[in-house]
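Worksheet: the structure to be examined is printed underneath.
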Amino acid sequence: MKIIKQIRGFSLIDLMIAMAVIGIGLAITIPAMQEFTDANRQAEIINRLVRDITYAKSEAVSRGTSFTVSTAAFGGGATWDVGWTVFNTTTPPPLPGVRTAPALVVAGQTLISNAGFGAITFRPSGAITSAVNFTVSLCNACVNAGAPPRERQLTVSPTGRITLNSQFACGSPVC
């Protein structure tokens, strides 16, 4: 008597159910991943600006000379989303800056300062040359209805203290 082994496998229905489950999982995770990626890009932009402003302040204090962070090398006035450069004020551009950050902003976002500031200069004491707060806000052109704005605001006080507000809302229109 011959024993025949029965070959087992997946039926077409099993495969269709598995594909449906994978499709539903992807439909849920892809938009969430896009939101996560956009939030990380936005955090990277403002963190680079914080890093370069902190660097300018520390160099001004340690070298005993003024340091500036400016958008002028990129042709930006109060708009910081074109990029910026950090340089020693005694050797201003067009000489190369100590650090340069090209345009980083994601489409639909703006990085703009209050009162039209296109530069911030630190004195050797670590204070800024302005008598008012220097503020740069990273804002979205549109906010998805029901989604948190996730906009950020960087403020440098006249004494040189740097603060970052990640709970800031620009009042962007809802799309």
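Please compute the modelled spin-label separation between residue 133 and residue 7, points set 7 Å along Cα→Cβ, answer in nm with one decimal.
Once both label points are built, they end up 7.4 nm from each other.
Karplus couplings for segment 26-35 from phi (6.51 cos²θ - 1.76 cosθ + 1.60, θ = phi - 60°), rounded to Hz, Gly and Pro as x?
So the Karplus estimates, Gly and Pro as x, are 5, 4, 7, 7, 4, x, 5, 5, 5, 4 Hz.
Hey, can you grab everything whose amide H is under 5 Å from the amide H of residue 84? Only 5+ residues off in sequence or another chain; H modelled, so Pro and N-termini drop out.
For residue 84, the qualifying residues are 101.
Under the 0.36 nm per residue contour assumption, what length would be gained going from the current alpha-carbon distance of residue 162 and residue 28 to full extension? Show your work: numbers first, answer last.
On the way: separation 134, 0.36 × 134 = 48.24 nm, distance 3.86 nm.
Taking residue 162 through residue 28 to full extension adds about 44.4 nm, to one decimal.
No value in this document is a laboratory result; all are computed from the given coordinates. Owing to the predicted nature of the structure, the values given are computational and were not obtained by experimental measurement. Cβ atoms come from the backbone with ideal geometry, glycine included; neighbour counts cover every protein chain shown.
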